[in-house]
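Worksheet for the structure shown next.
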There are 2 protein chains.
Amino acid sequence: MTDGRSRRREDTRQRLFVAAVELIAEQGFSATTVDDIAARAGVAKGTVYYNFESKTVLFEELLRHGIGLLTAEFRAAVDGLPPREALAALVRAELEYIRRYRAFAQLLLSEMWRTNREWQQTLRLLRGEAIEVIAETVRAGVDSGDLPADLDVRTASSALFGVGLVVAVDWLVFQPERPIADVQEALLGIVRRVAQT
Amino acid sequence: MTDGRSRRREDTRQRLFVAAVELIAEQGFSATTVDDIAARAGVAKGTVYYNFESKTVLFEELLRHGIGLLTAEFRAAVDGLPPREALAALVRAELEYIRRYRAFAQLLLSEMWRTNREWQQTLRLLRGEAIEVIAETVRAGVDSGDLPADLDVRTASSALFGVGLVVAVDWLVFQPERPIADVQEALLGIVRRVAQT
DNA sequence: ACAACTAAACTGACTGGTCAGTACAAAAAC
DNA sequence: GTTTTTGTACTGACCAGTCAGTTTAGTTGT
């Protein structure tokens with residue numbers, strides 16, 4: 001069961017993910033070479049190809065892994081909460097996630113709105129899954145009258161997702177000395193005002 | 001003065017800018033080749049190097065050109081207006097700009113928060129110039145009491161800039177069938193609520 | 001206990017292709 | 001007659017992906 005081989009392999013994959021996410025966040029997918037990733041992970045280039053079909057597949061699995069985690073945290077955050085509290089919980093969860101997986105968030109922000117890339121379809125799908133959690137919450141709030149009736153669910157959801165991302169990453173990149181708690185405060189304040197019926 | 005030669009050259013440079021901005025918006029800087037840019041501009045590769053020192057310099061001048069235009073429109077928009085109206089005018093100007101230079105906005109969103117790229121310093125500087133115009137307006141509003149006193153000028157300004165960018169580009173990429181006027185409406189509503197004293 | 005065996009995991013030199021940048025003679029535009 | 005553009009060919013660096021060989025972890029036989 002606890003096979004040392006598969007544990008070792010999972011470890012290598014994890015190290016490759018970490019190396020790849022950092023480098024791609026800094027430089028972008030195309031500017032990051034497989035040799036770079038291997039070197040930063042402390043493995044040989046061949047190991048990358050033993051563990052992943054190709055550079056693109058490595059990136060796609062990385063996206064799946066990262067966004068999957070985010071979606072899970074979204075689901076856990078809203079669980080059982082009434083709409084307006086759930087909305088605040090979502091903002092908190094998103095920022096907490098960005099704080100923890102800073103490089104991944106930066107990568108997401110940079111690659112999210114690209115077109116004409118082979119992995120674009122994958123990213124679009126995953127983005128949809130994460131936003132769907134937000135959309136469910138917003139929809140419930142609008143239906144129950146807890147949120148303004150004229151709120152467009154699809155728009156509000158994707159805006160909320162994007163805004164959290166951009167504000168947090170901007171803060172991390174351009175004003176890193178500030179505590180993330182301040183961003184959370186500011187964003188919560190904005191969301192609360194906008195959510196007023 | 002109106003030298004036909006320099007006008008012609010300016011024309012070529014312009015065509016190269018347009019080709020480059022479209023390709024880089026779609027694929028990113030590294031994935032875009034000089035041959036691609038030349039081909040899309042309908043120009044020989046040598047012409048690119050006759051007009052620009054290198055691929056990187058072409059991109060830097062492109063950034064300067066594009067953000068310079070945006071900054072100018074910001075300045076024109078706020079000219080003489082009282083703070084709260086100036087703020088609304090800024091949002092309108094930003095969205096109008098994004099509508100007109102869609103590809104450039106997309107490019108900006110993708111490259112803005114990168115680190116470790118040779119042109120990053122240039123971009124950071126230019127971003128500062130554009131945001132400074134917003135910051136002046138916000139500062140004036142806070143000083144005169146037209147905007148909430150507890151508003152952090154630097155944060156609010158960069159947030160406003162980034163949010164406009166992300167919401168507009170998100171709309172353009174994921175819901176292109178919708179009229180941009182809707183985004184403007186939504187954003188203005190949000191900004192108005194947040195700006196309430 | 002431990003040596004022999006096996007398959008999984010990993011290595012790194014190598015290949016084939018791509019791309020930024022160069023060179024330059026001839027042509028076109030002004 | 002000067003500036004700008006073209007077209008083509010070339011170079012050298014770089015890089016994704018391959019593969020034959022090596023190491024490691026677990027298994028089997030004694």
Do we find that B:Glu10 is within 14 Å of chain A (Cβ to nearest Cβ), among the acidic types (Asp, Glu) and more than 8 Å from DNA strand C (Cβ to nearest atom) in this structure? no
Within segment A:157-197, the residues that are open to solvent by 30 Å² or more (accessible area, probe 1.4 Å), among the polar types (S, T, N, Q) and more than 8 Å from chain B (Cβ to nearest Cβ) are A:Gln184, A:Thr197
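Which of the residues that make up segment A:19-38 are aliphatic (A, V, I, L, M) and over 19 Å from A:Trp119 (Cβ atoms)?
The answer is A:Ala38, and nothing else.
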In segment A:126-156, anything buried (at least 18 other Cβ atoms within 10 Å of the Cβ) and among the hydroxyl-bearing types (Ser, Thr, Tyr) is listed as A:Thr137, A:Thr155
If you go through B:Tyr97, B:Tyr50, the only one that is within 16 Å of DNA strand D (Cβ to nearest atom), in a helix (DSSP H, G or I) and modelled with pLDDT of 95 or more is B:Tyr50
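Which one is nearest to A:Gln120 (Cα to Cα) among residues in segment B:13-45 that are in a loop (DSSP other than H, G, I, E, B) and more than 8 Å from DNA strand C (Cβ to nearest atom)?
B:Gly28
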Quiz item: Does segment B:102-109 include one or more residues that are aliphatic (A, V, I, L, M), away from DNA strand D (no atom under 16 Å from the Cβ), within 13 Å of chain A (Cβ to nearest Cβ) and over 16 Å from the mean Cα position of the chain (by Cα)?
Solution: no
* B:Leu87: within 19 Å of B:Gly162 (Cβ to Cβ) and free of Cβ contacts under 8 Å to residues at least 60 places away in the same chain, yes or no? -> no
Checked against (1) within 14 Å of chain B (Cβ to nearest Cβ); (2) open to solvent by less than 10 Å² (accessible area, probe 1.4 Å); (3) more than 8 Å from DNA strand D (Cβ to nearest atom), A:Arg40 satisfies every condition except (2)
Taking segment B:1-12 and keeping residues more than 10 Å from DNA strand D (Cβ to nearest atom) and part of a helix (DSSP H, G or I) leaves none
Exactly one of A:Thr71, A:Thr137, A:Thr115, A:Thr155 is of a type in the set (Val, Ile, Thr) and touching a residue at least 60 places away in the same chain (Cβ under 8 Å), and that residue is A:Thr71
Can you confirm whether A:Thr115 is surrounded by fewer than 17 Cβ atoms within 10 Å (Cβ to Cβ), hydroxyl-bearing (Ser, Thr, Tyr) and in the same structural domain as A:Gly80 (by TED's automatic domain parsing)?
yes
B:Ala86 vs. criteria among the small types (Gly, Ala, Ser) and more than 14 Å from every other protein chain (Cβ to nearest Cβ): yes
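The values are calculated or read from the model by the stated rules, or taken from the named source; none is laboratory data. Bear in mind the structure is a predicted one, so any value in this text is a computation, not a measurement. So basically every Cβ, Gly included, is an ideal-geometry build from the backbone, and we count neighbours across all protein chains shown. To get the accessible areas, we keep the full protein, side chains included, count just its heavy atoms, and leave off ligands, DNA and RNA. Shrake-Rupley method; radii C 1.70, N 1.55, O 1.52, S 1.80 Å.
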